[in-house]
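Some notes on the structure that comes next.
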Amino acid sequence: MGAPPLSGTDEPYDYFADIPTGRGRHGRRRRWPAVLFVVLVALVVVAVVGYLHVNKEINPPGKPGRTVMVVVPSGTSTSRAADLLAKDGVIHGSTVFGWYLKLKGVGALAPGTYQMASNEPYSTALYILQKGPLPVTYQLVVPEGFTVRQIATAVGNLKGAGISEQAFLHAAMGGQVRSPYEPATSNDLEGLLFPATYPIQQGESADELVQYMVATFDNHAATLGLSAAAQRLGYSPYQVVTVASIVEREVKLEADRGGVASVIYNRLVRGIPIGAESTLLYGLGEPKGPVVITTPNPFNTLVNKGLPPTPISNPGIPSLQAAMNPPKTTYLYWVEINPDGATSFASNEAQFKQLQAECRAVRLGC
């Protein structure tokens, strides 16, 4: 190597002047472990805080809260489902739950309504979601005095329930479902289906629904003591139900049920036709226009003596109680004398004619 040129001062060249001492580099090296330590500590802190946060969401402290109904539309993704649950308070955050569902391999959820609770652990929420939505339930309202055919129409109008009007009629009048109060010679459950509001689950059969309605009637009849009351009166339980069904269709006001029941029993004892127009109308299929009261029909109690072949409606508890416990009277007639449905009673024909005059005076068409 050649010697470097001399400086202008002719001073000797310092060969060691350009050699790095290494003090700066070594200093920087000594600072790196401290920086790495701080970074690692920060990462650990972030990880711990993140873990505690995620764990708090997955297993929230405290007990589950109020019950909520979460509706999941068709085609809902897992992320969208997480949003819905967070909105309804089932979970506290949608992001973590969305990851949770993906880690568990959960795909699209079955559409429907899910019953859950707010502040749910993720494991519980997942179990409910995988179990599936609540069965779709329809409410069948059966008012007091409805006939089997009216009930069948109401059932058929619940389109989503899946039970047709004809299927219900077949179940109620085909003999496959029976009541202990039903005569052996009859397949008709008229009068033996209890008026109430019934839940119908999607997929439920007509036979199952009718059996439920019969069982409900049987339970109420047993509680009321129908069999004992019928024995005391000297009639079969089915005959007492038939009386109650006529009371149900003839009476509008609660206070008049007992009086009408007593008229029916008094006429039966004397061998006088009951004289209830409602029975004739039932036998004729509930025509809308005027009818000839002498029309031959097994249900025409304006002409025929005794009770009609079957009940003419499904009576409620008040009418059943009136038929089971009729007051002792001498009444042989009842006449509606007021547009509000108020009824008066007569023990002889003269009193009856007077009541008819009162009825005509208020233009009730007596």
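The values are calculated or read from the model by the stated rules, or taken from the named source; none is laboratory data. Keep in mind the model is a prediction, meaning the values are calculated, not measured. Here Cβ is always computed from backbone atoms with ideal geometry, including for glycine, and neighbour counts include all displayed protein chains.
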Taking the condition of being modelled with pLDDT of 85 or more and more than 20 Å from the chain's Cα centre (by Cα), how many residues in segment 101-116 meet it?
1
For residues that are at pLDDT below 95 and assigned to a loop (DSSP other than H, G, I, E, B), scanning just segment 127-162, find the one that is farthest from Y100 (Cα to Cα).
L158
Could you name every one of the helices (runs of 4 or more DSSP H) located completely within segment 277-366 that has at least 2 residues being over 15 Å from E250 (Cβ atoms)?
317-324, 349-361
Residue by residue through segment 310-366, note down the ones that are of a type in the set (S, T, N, Q) and more than 29 Å from V148 (Cβ to Cβ).
T329, T330, N338, S344, S347, N348, Q351, Q354, Q356
Number of the condition not met by V142 [criteria: (1) surrounded by 14 or more Cβ atoms within 10 Å (Cβ to Cβ); (2) out of contact with any strand residue (DSSP E or B) (no Cβ under 8 Å at 6 or more places or on another chain); (3) of a type in the set (V, I, T)]
(2)
Matching residues in segment 302-356 - criterion: being under 18 Å from S245 (Cα atoms), under 39 Å from the mean Cα position of the chain (by Cα) and of a type in the set (S, T, N, Q):
T310, S313, N314, S319, Q321, N325, T343
Just the residues that are surrounded by fewer than 18 Cβ atoms within 10 Å (Cβ to Cβ) and either outside the structural domain of Q211 (by TED's automatic domain parsing) or more than 22 Å from the chain's Cα centre (by Cα) (or both), please, taken from segment 152-176.
Q166, H170, G174, G175, Q176
If I filter segment 68-92 down to residues being of a type in the set (G, A, S) and more than 13 Å from A125 (Cα to Cα), which single residue comes out as nearest to the chain's Cα centre (by Cα)?
S74
Out of (1) modelled with pLDDT of 95 or more; (2) surrounded by fewer than 20 Cβ atoms within 10 Å (Cβ to Cβ), the one R257 does not meet is (2)
Which residues, taken from segment 336-366, are charged (D, E, K, R), at pLDDT below 90 and loosely packed, with under 14 Cβ neighbours inside 10 Å?
D340, R360, R363
In this structure, does E254 turn out to be over 28 Å from the mean Cα position of the chain (by Cα) and closer than 27 Å to A154 by Cα?
yes
Is one or more of the residues making up segment 201-212 at pLDDT 95 or above, part of a loop (DSSP other than H, G, I, E, B) and surrounded by 15 or more Cβ atoms within 10 Å (Cβ to Cβ)?
no
